[in-house]
């Protein structure tokens, strides 16, 4: 199980890149109205990339490190919308993808060498409950899948908006 979980986490950067490639460049900042049914946070396609990058570095790197180094730490949940708003306009998709890929490589390197005892170290995840390092790995994998689904959902909404002759211009930026 450990190997398949690590393999899934290691594959995600390529999958994220491939899913983002489905989004036409002119729609990188597409914001649908309404957002009903999106399976991830309500970020535009480019915002999805920056969010994944931020959560990898400021969320999961911190959570894994604290759980490995501290006795039963309480791990903070992150307000993704406040974090994104505080950062303002970010760079291009290629920069977000490159920074995320480097961060995920660090994550994999750290997790690949853990012992069974380290994988079982406990923590309390704010808003979720008790977890272990292994459990955090599962949550990270789940988060990855949410954002692949979010990009597919956005691609569907972009397709619907651009295939109609009356698609409002405000839907793209």
Counting only residues that are at pLDDT 95 or above and farther than 22 Å from residue 10 by Cβ, which one in region 92-127 is surrounded by the most Cβ atoms within 10 Å (Cβ to Cβ)?
123
Can you name the residue in region 129-173 that is assigned to a loop (DSSP other than H, G, I, E, B) and surrounded by fewer than 13 Cβ atoms within 10 Å (Cβ to Cβ) and, of all such residues, is modelled with the highest pLDDT?
164
With (1) crowded, with 18+ Cβ neighbours inside 10 Å; (2) closer than 24 Å to residue 136 by Cβ; (3) in contact (Cβ under 8 Å) with a residue 40 or more places away in the chain; (4) out of contact with any strand residue (DSSP E or B) (no Cβ under 7 Å at 6 or more places or on another chain) as the list, and residue 54 as the residue in question, which single condition is left unmet?
(3)
Can you confirm whether region 145-152 contains a residue that is under 16 Å from residue 7 (Cα atoms) and within 20 Å of the chain's Cα centre (by Cα)?
yes
Selection within region 93-113 - more than 16 Å from the chain's Cα centre (by Cα) and in contact (Cβ under 8 Å) with a residue 40 or more places away in the chain
110, 111, 112
Restricting attention to region 1-23, the residues that are out of contact with any helix residue (DSSP H, G or I) (no Cβ under 7 Å at 6 or more places or on another chain), within 30 Å of residue 157 (Cβ to Cβ) and not in a helix (DSSP H, G or I) number exactly 1
Looking at 46, 68, which is the one that is at pLDDT 95 or above, surrounded by fewer than 18 Cβ atoms within 10 Å (Cβ to Cβ) and either in contact with a helix residue (DSSP H, G or I) (Cβ under 8 Å, 6 or more places away or on another chain) or more than 17 Å from residue 138 (Cα to Cα) (or both)?
68
Could you check region 120-152 and list, in sequence order, the residues that are without any contact (Cβ under 8 Å) to a residue 12 or more places away in the chain and within 23 Å of residue 35 (Cβ to Cβ)?
142, 145
Within region 7-19, is even one residue more than 14 Å from the chain's Cα centre (by Cα) and more than 27 Å from residue 133 (Cα to Cα)?
yes
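The values are calculated or read from the model by the stated rules, or taken from the named source; none is laboratory data. Keep in mind the model is a prediction, meaning the values are calculated, not measured. For neighbour counting, all protein chains shown are included, and Cβ atoms are generated from backbone atoms with ideal geometry for every residue, glycine included.
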